[in-house]
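Before any comments, here is the structure.
The values are calculated or read from the model by the stated rules, or taken from the named source; none is laboratory data. Bear in mind the structure is a predicted one, so any value in this text is a computation, not a measurement. Positions of Cβ are backbone-derived with ideal geometry, glycine not excepted, and every protein chain shown enters the neighbour counts. Side chains are part of the model used for accessible areas, which takes the heavy atoms of the whole protein and leaves out ligands, DNA and RNA. Shrake-Rupley method; radii C 1.70, N 1.55, O 1.52, S 1.80 Å.
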Amino acid sequence: MSRLDSHLGRLFRAQYVLIWVLLAMVLVFSLAAPGFRGAGNLLKTVRASGLIAVLVLGLTWIVASGEIDVSFPAVAGFASVVTVMCVKQGVPWAVALLVAVAGGTIFGLLSGFLIVTFRCPSLIATIAVGSVARAVACMIAGGGKPVHLGGVPRVIRFLGSGSVGAELLLISIVVAIYVVFRYMQDCTTTGQHLYALGENRQAALEAGIREKKIVLSFFTLSALLASAGGVLWVTLFHQGKPRMEGTLFIDGLTAVFLGALIVKAGKPNVIGTLIGAIFLSVLGNGLTHLGVKSYVGDMIKGALMLFGIVVIVLSRYRLTRKPGARRPRPAAAALAP
Amino acid sequence: MSDAKPKTLAGETVSLIVFLVLLGAIVATFAVLNEGFRTAGNVLNLLKHMAVIAMVGLGLTFVVVAGFADMSFHFVSCLSGMTMSYMIACGVSPVPSILVGCGVGLAFGVASGLLVGRFKFPDMVATIAVGTIAWGLAYLYSDGSYIFENFRSSGILRLNDSRALGVPLPVILMAVAYGLGYLLLHRSAYGRRFYATGRNAVAARFSGVRVERYVTAAFVICALLASFTNMIQIAAQGNGNVKGGLSLLMPAYATVFVGVSVFKKPTVVGTFFGALLIAVVQNGFTVMGKPFYYMNFVVGLVLIVSIVISRVDFREMLRRRRLRAEMARAGNAS
């Protein structure tokens, strides 16, 4: 009996609270809004979370290793514009897709290079690279306005059609990516090195972890996944948007930081980010069905992020009982010259 | 140890001279390429534009000196700007509107300052969360649409348009803010304590610095200056826009880190030069009729180049090369 108790207790520990909140939210929305509980809408909600989930997957590891990347919306915007312009010029869509992802990855290489070679704070490097990426996207698009696909290729039309087959295909692609990353994070040494870097940069260096190589590859990976998210954006909305800031930025970071509450308490991780993305998508969709204005959603997201930090900080307090014994702030470490 | 001080001074002077030569070259290029650039009216425009960037950068300098990053000030400035616009639209006169708007900014600055300084939350996450809440609140006044009622009749436009002795008011305000900022950060014990907090918070605490207060103060100064700057922007545009303050983020970081690349640490003077450089470049491109995204491109490039320059230690490089040459010579001799 006591064993059962402890199992039950484990389910209600701090790192699983958010999953219960998510389930409660789905329940409440289903009861309150008939439009929400339709199978088609639920499928749409999960698919919409896939976009954010792919976009910030690389960011998850960057934050876990104690750095920060704020260029992901700009890189995604760049990739979306490049895809649209290439398809407009008559390039086959598969080639356009590759060109966009390759182009976006260059920005990740650039910020990684600045951080590794010049020991630049990652916040500053990614602000600079992000602004360049956004400006280049505007130049290609010929202005700050979104560019639309003229004739939509058949494959893209199928993926964006919202039919059950297309939704399932998109979801399974996202799930496949996540399975691979989950394996790399928890079953390989790269995953261990990543958390070692986040935990104590100096100790990790002394232990012989090749920090530069890892950081450079993470930033490249993050840009690659952000570009993939941008391409996904084109397939869903049939347009390229050079200036993706504001909401996408907030959603992406919220997904990662909320995800840090789940599974590994206080550390961003792959599964957590996926659940965080689903959480945000359910929240947004449910509020829309209840007829609530979108900015209320923004405020709720901010409050949730604060709630998440409070939970993490309080659980650390309880674990260590000494305020001075907490690990160094990752973000502050990222900014220190 | 005794000769350490003159050496660092010399290093700063060298990089300052390099920077000024670069700036001069840029100004000369624009002046040659474009006649509109060298008119007196354009110089005033340039200074007005610079005042906006420079004041946000000044606020951020304090946060960076205290060793943190603020990702909330641009969101908060949107909220306080919209608060002011809403009050103007309701018929309140400008000065109380500005004060209430600044009060809102102050409240959010205190919030992020306390979260980061007192409760030791991770700075990036906490400030983004606070900023998101502020941004959501900014939509409350008008559902996100422009506010422009009463703007002409109330006299709020004078915040941007009025002049004293031919100098625009924003430029005077910038000069006052920089004077006060310089005295506070470089000529007072408070400034030393800000730097001590940023260098080593634990050591500062044991030396009797109330670290929490300095961190909170830094965030408050940053939020206040950003809020006020956005109000000047609103007065210049003639309407309150929810997204108006978002464009402050990048130039603010750019000014501070151009300054870091010159002086090797965040300083008031460095931020001033950074703002000057960015204002010159942006103004030059505007006069040449380039669209806004060219300016973003150039600011990004300036930031990247200043990162590269700030991390390259020329003297160290020369010393190493000499050493290597000597070693090679010694190897050949033996």
*Within 10 Å of each Cβ in peptide A:113-125, how many partner chain Cβ atoms are there on average? Round it to a whole number, please.*
4
*Which angle from 0 to 90°, rounded to the nearest 10, does the C-alpha axis of helix B:4-33 make with the longest principal axis of chain B?*
60 degrees
_Report the Cα centroid-to-centroid distance between region A:142-183 and region A:29-86 in angstrom, as an integer._
11 Å
*asked:* With a cut-off of 8 Å between alpha carbons and a minimum separation of six or more residues, what is the relative contact order of chain A in percent?
replied: 33 percent
*Top mean-square fluctuation among A:L42, A:L23, A:L304, Gaussian network model of chain A, C-alpha springs under 10 Å?*
A:L23
*lysines whose Cα lies under 20 Å from that of B:K243, excluding same-chain neighbours fewer than 8 positions away*: A:K145, A:K241, A:K293, A:K301
_Tell me the Kirkwood radius of region A:122-198: reciprocal of the mean inverse pair distance over distinct alpha-carbon atoms, in Å._
16.7 Å
*In percent, how large is the relative contact order of region A:88-209, given Cα pairs closer than 8 Å and 6 or more residues apart?*
13 percent
*Find the Rg to Rh ratio for chain B, where Rh is the Kirkwood radius over alpha-carbon pairs and Rg uses the same atoms.*
1.03
*Shielding of A:129-138 by partners, i.e. mean partner chain Cβ atoms within 10 Å per residue?*
6
*Cross-link partners among lysines for B:K264, C-alpha distance below 19 Å, same-chain residues fewer than 8 apart left out?*
B:K5, B:K7
*Could you provide, to the nearest whole Å², the per residue accessible area of region A:106-242 with probe 1.4 Å?*
44 Å²
_Which residues does the label zone of B:F148 cover in region B:218-241, counting backbone N under 20 Å from a point 7 Å along Cα→Cβ?_
B:230-241
*Residues in region B:76-94 near a label at B:S162, defined as backbone nitrogen under 13 Å from the 7 Å Cα→Cβ point?*
B:94
*Roughly what percent of Cα-Cα pairs across chain A reach past 31 Å?*
34 percent
*From largest to smallest, what semi-axes in whole angstrom does region A:149-254 give when each is the square root of 5 times an eigenvalue of its alpha carbon gyration tensor?*
35, 17, 11
*Potential lengthening between A:D186 and A:T117 on full extension [0.36 nm per residue; Cα-Cα distance subtracted]*: 22.0 nm
*How many nm is it between the label spots at A:A24 and B:R322, if each spot is 7 Å from the Cα in line with the beta carbon?*
6.9 nm
*Compute the FRET efficiency between A:R210 and A:F158 as 1/(1 + (r/R0)^6), taking r as their Cβ-Cβ distance and R0 = 51 Å, and round to the nearest 0.05.*
0.75
*Within the protein assembly as shown, helix-based [θ] at 222 nm, where runs of 4 or more DSSP H residues each add -39,500 (n - 2.57), nearest 500*: -25000 deg cm²/dmol
*Can you quote the Å³ per residue value for the convex hull of the Cα atoms in the protein assembly as shown, rounded to an integer?*
209 Å³
*What are the extents of the Cα atoms of region B:75-117 along their three principal axes, listed from largest to smallest and rounded to whole Å?*
38, 16, 10
_Rg in Å to one decimal, and Dmax rounded to a whole Å, for region A:19-154 via C-alpha atoms_ = 18.8, 55
*Where only alpha carbons of region B:188-284 are counted, the Rg and the Dmax (Å)*: 16.2, 50
*Taking a probe of 1.4 Å and counting only protein heavy atoms, give the total accessible area buried between chains A and B in Å², rounded to the nearest 100.*
4000 Å²
_Please enumerate, by chain and number, the aspartates and glutamates with C-alpha under 15 Å from the C-alpha of B:K48, excluding those fewer than 8 residues away in the same chain._
B:D161
*asked:* Sort B:169-182, A:68-81, A:167-180, B:263-276 by the packing proxy (mean of other Cβ within 10 Å over each peptide's residues), most packed first.
replied: A:68-81, B:263-276, B:169-182, A:167-180
*asked:* To test your reading of the geometry: what angle, between 0 and 90 degrees and rounded to tens, separates the Cα axis of helix B:73-89 from the longest principal axis of chain B?
replied: 20 degrees
_Quick test of the membrane-span-like rule: which DSSP H helices of chain A reach at least 20 Å along their long axis (C-alpha atoms) with mean Kyte hydropathy at least 0.0?_
A:17-32, A:39-55, A:72-88, A:93-118, A:122-141, A:164-187, A:211-237, A:270-289, A:294-320
*Using the Karplus equation 6.51 cos²θ - 1.76 cosθ + 1.60 (θ = phi - 60°), what ³J(HN,Hα) coupling, rounded to whole Hz, does each residue of region B:279-290 give in order, writing x for Gly and Pro?*
5, 4, 5, 5, 5, x, 5, 5, 4, 6, x, 7
*Rg/Rh for region B:167-245: what does it come to with C-alpha atoms and Rh from Kirkwood?*
1.12
*What accessible area per residue comes out for region B:1-123, rounded to a whole number of Å², with a 1.4 Å probe?*
42 Å²
*What share of all Cα pairs of region B:12-139, in percent, falls into each consecutive 5 Å distance bin?*
2, 10, 13, 15, 15, 11, 10, 12, 10, 3, 1
*Partner chain Cβ atoms within 10 Å, averaged over the residues of A:288-299 - can you pull that number for me?*
3
_Accessible area per residue, Å², region B:217-324 with all protein chains present, probe 1.4 Å_ = 38 Å²
_Helix axis angle, B:314-333 relative to chain B longest principal axis, alpha carbon, degrees_ = 20 degrees
*asked:* Between A:I173 and B:Q237, what's the calculated FRET efficiency when r is the beta-carbon distance and R0 is 41 Å? Round to 0.05.
replied: 0.40
*Percent carbon-and-sulfur accessible area, the protein assembly as shown, ignoring ligands, DNA and RNA, probe 1.4 Å*: 66 percent
